[in-house]
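Report on one structure; see the data block that follows.
The values are calculated or read from the model by the stated rules, or taken from the named source; none is laboratory data. Computed from a prediction, not measured in an experiment: that's the story for all the values here. Here the Cβ is made from the backbone with ideal geometry for all residues, glycine too, and neighbour counts use every protein chain on show.
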Amino acid sequence: MVLLSRSQIFASPTWTSFLSIVIIIGLTIITRSSSASPSPTMIKNTPAYERRSVHDFVRRHGVWLNFRDLSSQTVGGQENYRFGSHMTYVIKTVGPDLYIDMPGKLMEWGECRYTFEGREYGCNERRFDYLKNEPVFTWVERHNGDICNGTIIGGYGYQGEELYICKFEFYDFFQNTFQTLLGHLVPRLGKCFSSWYTVERSSTEYKVLADSSYL
């Protein structure tokens, strides 16, 4: 019986061929497994909400009256004062800049108010018109300057930008009550603006006045 040393075995052609085959098979398995594994997926951060342009929606005009008819006024908000709770009605008037047509609110006791560039103004000394109420009018929740089909155009701001009639809930810490403030929406700024105790207030969460037949 012939005994071979370890060095003789590893140096033999048979062992060398076998070892080469094992290495080739191993490399093939590793290559296939690495190519089969999926490449990392890149996740892009997408905005949670993308506001559409107001021109993507159908808007319409309302009927404005230059005389006060209690039966046809459009109720917009409700404000609570120490002397009682009072409705507010939708009006529009000429702003400080005569080229601006501003939506505003008429208090139940006859005082007219609107806001412009951070201030509250009275408009009793100016002409203002009342929005005639229609059975199809409804309030639709929107936010961040968005509107909906059938939104009522309330006026025009700088460079002819359409302004819309809106309202929002405002919490008064002093009276510990919520006020429904009627105002105007500026889509470019993404907010509904109104006033409370002569101070301009705003909100990105609001309701717009719309024609329900368009919804």
task = Working only within the range 78-95, note down all residues that are within 21 Å of PHE168 (Cα to Cα) and within 28 Å of the chain's Cα centre (by Cα).
result = GLN78, GLU79, ASN80, MET87, THR88, TYR89, VAL90, ILE91, LYS92, THR93
key: Complete set of residues in the range 103-150 that are touching a Leu at 6+ places or on another chain (Cβ under 7 Å) and hydroxyl-bearing (Ser, Thr, Tyr)   = TYR130
ask   = So which residues in the range 96-117 are surrounded by fewer than 24 Cβ atoms within 10 Å (Cβ to Cβ) and either basic (Lys, Arg) or over 26 Å from the mean Cα position of the chain (by Cα) (or both)?
value = PRO96, ASP97, LEU98, TYR99, MET107, GLU108, TRP109, GLY110, GLU111, CYS112, ARG113
query = Give me the pairs: first residue in the range 64-85 and under 17 Å from LYS167 (Cβ atoms), second residue of a type in the set (A, V, I, L, M), beta-carbon distance under 6 Å, and six or more apart or on different chains, which are they?
reply = THR74/VAL90; THR74/LEU131; VAL75/MET87; GLY76/VAL90; GLY76/LEU182; GLY77/LEU181; GLY77/LEU182; GLN78/MET87
query = Does ASN133 count as more than 20 Å from ARG188 (Cβ to Cβ) and modelled with pLDDT under 95?
reply = no
task = Among residues belonging to the range 62-78 that are in contact with a Leu (Cβ under 7 Å, 6 or more places away or on another chain) and part of a strand (DSSP E or B), point out the one that is surrounded by the most Cβ atoms within 10 Å (Cβ to Cβ).
result = GLY76
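Here is a yes/no grid of residues against (1) in contact with a helix residue (DSSP H, G or I) (Cβ under 6 Å, 6 or more places away or on another chain); (2) within 16 Å of GLY62 (Cα to Cα):
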residue: ASN133; (1), (2): yes, yes
residue: ASP146; (1), (2): no, no
residue: TYR158; (1), (2): no, no
residue: GLU161; (1), (2): no, no
residue: HIS184; (1), (2): no, yes
residue: VAL199; (1), (2): no, no
query = With respect to the numbered conditions (1) polar (S, T, N, Q); (2) closer than 26 Å to THR115 by Cα; (3) modelled with pLDDT under 50, which one is the sole condition not fulfilled by THR88?
reply = (3)
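How about the range 185-201: which of its residues are under 15 Å from ASP146 (Cβ atoms) and surrounded by 17 or more Cβ atoms within 10 Å (Cβ to Cβ)? Walk me through how you get there before you give the answer.
Residues of the range 185-201 that are under 15 Å from ASP146 (Cβ atoms), as a first pass: 185-192.
Matches in the range 185-201: LEU185, VAL186, PRO187, LYS191, CYS192.
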request  = List every residue pair whose Cβ atoms sit under 7 Å apart, with the two residues 6 or more apart in sequence or on different chains, where the first one lies in the range 114-125 and is more than 17 Å from ARG201 (Cβ to Cβ) and the second, anywhere, is of a type in the set (Val, Ile, Thr).
outcome  = CYS123/THR93
